[in-house]
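Everything below concerns the one structure shown next.
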């Protein structure tokens, strides 16, 4: 019988700690599938963030470093300078990358570090319990925005991928989503492309993945996919290639 | 090679290269700018890497990544920049990554001044970052000693898998003195294997993870106990000091780095006046050479601690003296450097 699907070898055989319906698991699988497809897991060093994906160092079958909050691109820079022939990636959430780590992500892209950044945007701080992120939508409720994010005083969502795409050092930036099967397949191609481009020494690549947080959004997994991502996030965070050269 | 005249900062940078450091990450701040400038020039010549980071925070995290991948790595800064590095230093301690950090201390607090000071003693010896951790802190008093300690710093870092800080001051960084860089090569220890480094699984058995997160409290407690045992070992093996005219000393000066050099002049001047002065100069301030001061407290009438701050190392001297003799203090701060005459006056006051 033909095998149509199997767990990627680069994904460790351990239970993930993510909440039911959270799309981190899919995003992990896409990264692992890319490492398998490019047959590079044994020459890869990943950098885990602080946030929901903090235990990512246990989930990939490759060498890993755990970085301080927001510092993953700096840690990855250090690794890549020592191991220029290795594949180096960061896996970061929106609190990590778009708030406390804005300087590190921007400067790594500016330098054109030949690394791959997987940026999970679920518009909220998950691990700490649903606080407002810079990516939180206007009007969206969070534990630190109990009346919904206010335009005046709290501002409107930051679009990091658009910002990064303005930098000459960033050569591939794409935003994808995990809200349905077709988009998961697009995301899979984008993630693999980002890693392939690193191996081809094409420079800094980043894939932003729109993801769910059913627990902190207070929705069922299906509602989270349809209501927040499809109806609310897509108009603010349009999908597509922002930069490819 | 004959001795060459070099600025302290540049000599430290070249000594790091001699020690096999090929990766340097830094950020500009006075009075240590000659280190990143020298590294920017030299690293490409030795197939090394120089990265000017976007901040001291980024620089220390680049150190984390690079040293976690097994390389000999250095960063340098001065007081306000070292404050920014504390997050990284704590993570580096937790993940047991070896690295070398230079702090050319300037006056504080805040933006302070750019002149030499020793007011980061507490931060260096008590841990400016969070959690139970230690760094080995070496305190050079000359450019020659700074290059020797730089080489020693890399060896100690690799041996104990911890940060070694070279705690200088604006004077050590800026002064020009003759140095013999060839001589330091003979001080180098054999290279240490790093089977734990993240170099890719094809280069080692199994999967390597560099991490400081232990979510189970009982596991983290065990890690802290293991770290503590290592720190006790470092205390036994690494503490070092120099003594001057201690055989019959009745008034013992305690000073490190630049201040200790000035104290040497003061000790000679006091001896010329018939005062039996001596000096104990810690070459490591963590681990602190408590035993030397315990002995001095038994023998001397009093100890005078001289520092370029408002009194920080005096806490360690008092711990060692444990009430066995009076401990007094003379210090200048804000970037002011004490003169030998001022110190002699403080000695005369202490022996009255």
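Among the residues of the stretch B:322-338 satisfying the criterion of being touching a residue at least 12 places away in the same chain (Cβ under 8 Å), in a loop (DSSP other than H, G, I, E, B) and more than 26 Å from residue B:111 (Cβ to Cβ), which is nearest to the chain's Cα centre (by Cα)? Explain how you work it out, then say what you get.
Taking the stretch B:322-338 as the starting set, the residues that turn out to be touching a residue at least 12 places away in the same chain (Cβ under 8 Å) are B:322, B:324-338.
Next cut, in a loop (DSSP other than H, G, I, E, B) only: B:322, B:324-326, B:332-338.
Next, from what is left, pick out any that are more than 26 Å from residue B:111 (Cβ to Cβ): B:322, B:324-326.
Numbers: B:322: 25, B:324: 28, B:325: 28, B:326: 27 Å.
Restricting to residues being touching a residue at least 12 places away in the same chain (Cβ under 8 Å), in a loop (DSSP other than H, G, I, E, B) and more than 26 Å from residue B:111 (Cβ to Cβ), the top hit is B:322.
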Suppose we filter the stretch B:41-53 for residues that are in contact (Cβ under 8 Å) with a residue 12 or more places away in the chain and within 13 Å of chain A (Cβ to nearest Cβ); how many remain? 8
Which one is surrounded by the most Cβ atoms within 10 Å (Cβ to Cβ) among residues in the stretch B:197-226 that are in a loop (DSSP other than H, G, I, E, B) and more than 10 Å from chain A (Cβ to nearest Cβ)? B:214
Residue in the stretch B:1-13 that is modelled with the highest pLDDT, counting only those that are surrounded by fewer than 20 Cβ atoms within 10 Å (Cβ to Cβ) and touching a helix residue (DSSP H, G or I) at 6+ places or on another chain (Cβ under 8 Å): B:7
Among the numbered criteria (1) surrounded by fewer than 19 Cβ atoms within 10 Å (Cβ to Cβ); (2) part of a strand (DSSP E or B), which one does residue B:128 miss? (2)
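Going by what's in this entry, would residue B:246 be described as assigned to a loop (DSSP other than H, G, I, E, B) and touching a helix residue (DSSP H, G or I) at 6+ places or on another chain (Cβ under 9 Å)?
yes
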What are the residues in the stretch B:203-232 that are under 30 Å from residue B:293 (Cα atoms) and either touching a residue at least 12 places away in the same chain (Cβ under 8 Å) or not assigned by TED's automatic domain parsing to the domain that holds residue B:66 (or both), if any? B:224, B:227, B:228, B:230, B:231
Is one or more of the residues making up the stretch B:32-39 touching a residue at least 24 places away in the same chain (Cβ under 8 Å) and closer than 21 Å to residue A:70 by Cα? no
How many residues of the stretch A:215-229 are assigned to a helix (DSSP H, G or I) and more than 19 Å from residue A:30 (Cβ to Cβ)? The answer is 8
Can you tell me which residue is nearest to the other protein chains (Cβ to nearest Cβ) among those in the stretch B:55-83 that are within 17 Å of the chain's Cα centre (by Cα) and assigned to a helix (DSSP H, G or I)? B:60
Which of (1) within 13 Å of chain A (Cβ to nearest Cβ); (2) in contact (Cβ under 8 Å) with a residue 60 or more places away in the chain; (3) in contact with a strand residue (DSSP E or B) (Cβ under 6 Å, 6 or more places away or on another chain) is the odd one out, the single condition residue B:91 does not satisfy? (3)
When every residue in the stretch A:76-118 that is within 10 Å of another protein chain (Cβ to nearest Cβ) and assigned to a loop (DSSP other than H, G, I, E, B) is compared, the one farthest from residue A:154 (Cα to Cα) is A:85
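For (1) under 24 Å from residue A:15 (Cβ atoms); (2) part of a helix (DSSP H, G or I); (3) within 11 Å of chain B (Cβ to nearest Cβ), each residue gets a yes or a no:
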residue	(1), (2), (3)
A:30	yes, yes, no
A:34	yes, yes, no
A:42	yes, yes, yes
A:47	yes, no, yes
A:50	yes, no, yes
A:56	yes, yes, yes
A:64	yes, no, yes
A:68	no, no, yes
A:74	no, yes, yes
Yes or no: the stretch B:142-157 includes at least one residue that is part of a strand (DSSP E or B), surrounded by 16 or more Cβ atoms within 10 Å (Cβ to Cβ) and either within 14 Å of chain A (Cβ to nearest Cβ) or in contact with a strand residue (DSSP E or B) (Cβ under 7 Å, 6 or more places away or on another chain) (or both). no
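Give the residue that is nearest to the other protein chains (Cβ to nearest Cβ), with candidates limited to residues of the stretch B:14-40 that are more than 28 Å from residue B:111 (Cβ to Cβ) and part of a helix (DSSP H, G or I). Explain how you work it out, then say what you get.
Filtering the stretch B:14-40 for residues more than 28 Å from residue B:111 (Cβ to Cβ) gives B:14-15, B:17-23.
If we keep only those that are part of a helix (DSSP H, G or I) as well, we get B:14-15, B:17-18.
Working: B:14: 20, B:15: 21, B:17: 16, B:18: 19 Å.
Among residues in the stretch B:14-40 that are more than 28 Å from residue B:111 (Cβ to Cβ) and part of a helix (DSSP H, G or I), the one nearest to the other protein chains (Cβ to nearest Cβ) is B:17.
The values are calculated or read from the model by the stated rules, or taken from the named source; none is laboratory data. Source: prediction; values computed, not measured. All Cβ positions, glycine included, derive from the backbone under ideal geometry; neighbour counts span all protein chains shown.
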